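Student: Structure below; questions to follow.
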Amino acid sequence: MKSIFYVFAISLVALQFSIQNPLTNTAVKFNSLDNLSPKIMIEAKSIYDFTLNDIDGNPVDLAKYKGKKLLLVNVASKCGYTPQYAELQELYEAYEDKLTILAFPANNFGGQEPGSSEDIKSFCSENYGISFPIFEKISVKGVDKHPLYRWLSDKDMNGWNNEEPTWNFCKYFINEKGALVKFFPSAVKPMDEEIINLINS
């Protein structure tokens with residue numbers, strides 16, 4: 001009996017496997033050390049591993065933006081910061097060869113993005129002539145936070161940053177290698193000198 005238990009214990013120590021974490025949509029890896037301790041190792045994704053639907057419902061693989069700098073912004077149509085759409089479009093037109101802006105409508109703050117995808121698309125087109133990519137509405141904080149925003153706001157996944165959006169029009173700057181390099185709160189305008197410097201660096 002002891003020999004059977006010994007063999008079973010050795011098998012457990014040697015076992016390596018992975019399961020999917022439903023909260024982060026990332027692989028949770030277990031190895032021999034993990035089986036002997038409560039530590040769980042979560043394999044951080046690259047931003048290029050995410051696919052989201054655009055405002056028209058078409059899947060967009062973020063890997064298509066490899067080699068370009070990215071500015072990710074959680075946007076809303078009925079916010080005091082909504083006029084930043086105009087400056088975001090100005091920034092995009094000025095630096096389109098280097099930078100892509102990705103807009104993610106979210107209704108997390110004050111219910112300020114209540115509309116449908118069609119409502120959002122029409123608002124952005126008619127009021128600001130937006131030509132940069134806009135995606136379907138997602139959640140950017142809370143228990144239903146989208147996995148992309150979990151990556152952006154978890155230092156164990158992105159390497160250093162734990163800040164999640166505090167209001168509409170927060171900004172995350174990604175360099176051309178896919179690394180998150182800066183978080184900007186809502187009050188920082190799109191044409192801010194620091195953002196321009198990051199684009200040109």
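Student: Of all residues in the range 139-173, which are in contact with a strand residue (DSSP E or B) (Cβ under 7 Å, 6 or more places away or on another chain) and farther than 21 Å from Lys69 by Cβ?
Tutor: Asp156, Asn168
Student: Of these, Ile130, Ile174, which one is of a type in the set (Val, Ile, Thr), in the same structural domain as Ala76 (by TED's automatic domain parsing), modelled with pLDDT of 95 or more and under 17 Å from Phe50 (Cβ atoms)?
Tutor: Matching residue, one of Ile130, Ile174: Ile174.
Student: For the range 41-96, which fully contained strands (runs of 3 or more DSSP E) count at least 1 residues that are surrounded by fewer than 17 Cβ atoms within 10 Å (Cβ to Cβ)?
Tutor: Filter on the range 41-96 gives 51-53, 59-61.
Student: Can you tell me which of Ser46, Ser116 is out of contact with any strand residue (DSSP E or B) (no Cβ under 6 Å at 6 or more places or on another chain) and closer than 19 Å to Asn168 by Cα?
Tutor: Residue meeting the stated conditions: Ser116.
Student: Please count how many residues of the range 188-201 are in a loop (DSSP other than H, G, I, E, B) and in contact (Cβ under 8 Å) with a residue 24 or more places away in the chain.
Tutor: Residues that pass the stated criteria total 3.
The values are calculated or read from the model by the stated rules, or taken from the named source; none is laboratory data. Worth saying up front: this structure is predicted, and the values here are computed from it rather than measured. Heads up, the Cβs are rebuilt from the backbone with ideal geometry, glycines too, and the neighbour counts pull from every protein chain shown.
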